[in-house]
Amino acid sequence: MPDRHEALDRLLAEAAARFGTPAFVYVTEAIQDRLHALQSAFGRWFDLSYAVKANPNPALLSWLRDRVATLDISSGGELAAATSQGWAPDRLSFTGPAKRDPELAAAVAAGPVEVVLESLREARALDRLARDAGRVQPVLVRLSPAHVPRGFGDHMAGRPSPFGIDVEEAPAALAEIAALPGLSLKGLHIYSGTQSLKPEAIAENWRIFLQVFRTACDGLDLVPQRLIFGAGLGIPYHEGDTALDLEEIAAAIAPDLDAFRAEPRFAATRLTLELGRFLVGEAGWFVTRIVTLKQSRGSTFALCDGGMNAHLAASGHFGMVIKRNYRMHRVGGGEPTAKVDLTGPLCTSLDRLGSGVLLPPLAEGDLIAIHASGAYGPTASPTGFISHPAPREVLAEGGQLREVTPRP
Ligand SMILES: Cc1ncc(COP(=O)(O)O)c(C=O)c1O
């Protein structure tokens with residue numbers, strides 16, 4: 001095994017020994033690398049907004065505070081998480097398809113949070129709450145394009161959708177929102193597709209955004225202060241997936257973005273790329289310990305101390321259409337020799353972390369590291385199911401480990 005893997009395995013083994021398993025280990029240097037790559041490919045047009053839903057760990061939100069421009073929050077809980085880590089309200093945008101009035105009121109109370117309106121109902125409710133508080137709330141409007149190119153893991157528009165205002169309804173809805181006295185319309189937002197590994201699909205999607213933004217702003221004669229592009233950048237989860245080449249996306253979209261920027265209406269507009277998993281996903285490893293091995297009717301099972309309860313996404317139950325194994329390895333290496341099924345501690349056959357995974361000979365007590373586990377981990381998992389301990393969370397910074405499990 002190359003040195004880099006040995007160093008990583010030493011870190012993962014130390015995290016498991018010191019803090020217990022199952023554990024998520026987040027390596028800040030890997031996030032830093034992503035920030036550099038994004039800045040070098042897209043920095044001439046965009047700043048970055050981190051979608052907290054991908055990983056709301058408080059230590060991570062604190063670490064990111066001086067490294068990305070804004071956060072996108074999607075609930076009252078994420079608003080509290082962000083402000084408790086020192087994020088100023090004017091560095092937050094607040095998306096979410098069914099925001100309740102107490103959440104909207106919390107945003108108003110927090111200050112100039114940019115609320116991303118997803119419906120007219122929400123606009124009217126926020127207008128009332130803002131006026132009652134004697135405030136004018138900055139807002140963006142989330143639009144739902146009529147088309148999303150093929151090549152995204154999840155499509156949130158381009159068909160009937162609960163998210164945002166359909167572009168067909170946008171002219172009338174935007175005119176009404178712009179006229180509400182308690183709101184100040186700052187710009188627009190689109191998040192229509194996620195987890196794409198296809199540069200041309202991503203560039204094509206952003207071209208659609210540019211056209212939707214143009215049409216909406218022309219119709220209203222709005223000079224937007226901010227336009228948010230839901231990036232859709234995917235990460236390789238499975239054997240055979242190819243990582244995105246950001247420079248390829250940048251080269252494909254450059255003429256369109258340069259032309260957009262040259263239009264007087266958009267010359268001073270702040271453009272933002274909103275993304276979650278691309279920043280933190282590959283910076284995280286899930287480490288689970290083999291409790292026992294079982295031979296059953298010709299198959300080998302490795303029964304682990306954390307499964308779907310700790311890491312739903314790796315079990316294939318978090319929106320994966322075709323179940324495929326996450327990439328994983330035995331901590332400490334070894335020559336892969338046999339196929340193993342990895343299961344967790346739950347009394348359900350849904351609790352499976354891998355099927356037919358080629359691994360070195362395994363023993364009780366061995367550690368398995370699942371890659372690409374930094375996004376949609378503990379908070380996207382049914383951690384209360386069957387009352388096993390919640391997974392530990394560990395931050396590795398400059399080779400130093402720190403437990404950062406949020407306390408309830
Ligand atoms: C509004 C919004 N923003 C950001 C994201 C983050 O997506 P990703 O983690 O794929 O970058 C999502 C994902 O569902 C989303 O719905």
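Data table
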{"quantity": "Fraction of the pair-distance distribution of the chain above 29 Å, Cα-Cα pairs, percent", "calculated": "47"}
{"quantity": "Accessible area of the stretch 41-185 belonging to carbon and sulfur atoms, whole % at 1.4 Å probe", "calculated": "54"}
{"quantity": "Span from the the stretch 369-408 Cα centroid across to the the stretch 241-275 one, whole angstrom", "calculated": "34"}
{"quantity": "Per residue accessible area in Å² of the chain, where ligands, DNA and RNA are left out and the probe is 1.4 Å", "calculated": "41"}
{"quantity": "Qualifying trypsin sites (Lys or Arg not before Pro) in the stretch 76-183, DSSP loop, other Cβ atoms within 10 Å at most 13", "calculated": "Arg100, Arg150"}
{"quantity": "Leading residue at positive end of dipole, the stretch 88-275 (Cβ point charges), from Pro255, Ile177, Val116", "calculated": "Ile177"}
{"quantity": "Descending semi-axes in whole angstrom, ellipsoid equivalent of the stretch 146-282, from the Cα gyration tensor", "calculated": "28, 17, 13"}
{"quantity": "Gaussian network model of the chain, Cα within-10 Å springs - most flexible of Val113, Val25, Val291", "calculated": "Val291"}
{"quantity": "Part-to-part distance (alpha-carbon centres) for the stretch 127-191 and the stretch 287-312, which is given in Å", "calculated": "45"}
{"quantity": "Loop-located GluC sites (Glu not before Pro) in the stretch 209-277, at most 16 other Cβ atoms within 10 Å (DSSP)", "calculated": "Glu239"}
{"quantity": "Part-to-part distance (alpha-carbon centres) for the stretch 44-81 and the stretch 341-363, which is given in Å", "calculated": "33"}
{"quantity": "Length-normalised contact order for the chain - Cα pairs under 8 Å, 6+ apart - percent", "calculated": "20"}
{"quantity": "Low-density loop cleavage sites - trypsin sites (Lys or Arg not before Pro) in the stretch 225-308, where at most 10 other Cβ are within 10 Å (DSSP)", "calculated": "Arg297"}
{"quantity": "Reachable lysines from Lys323, criterion Cα separation under 30 angstrom, eight or more residues apart if same chain", "calculated": "Lys53, Lys198, Lys294, Lys339"}
{"quantity": "Heavy-atom accessible surface of the stretch 250-308: percent carbon and sulfur, 1.4 Å", "calculated": "56"}
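The values are calculated or read from the model by the stated rules, or taken from the named source; none is laboratory data. What you see is a predicted model, and the numbers here were worked out from it, not measured in a lab. Glycine gets a Cβ as well: all are built from the backbone with ideal geometry, and neighbour counts include every protein chain shown. SASA here: full protein model, heavy atoms, side chains in, ligands and nucleic acids out. Shrake-Rupley method; radii C 1.70, N 1.55, O 1.52, S 1.80 Å.
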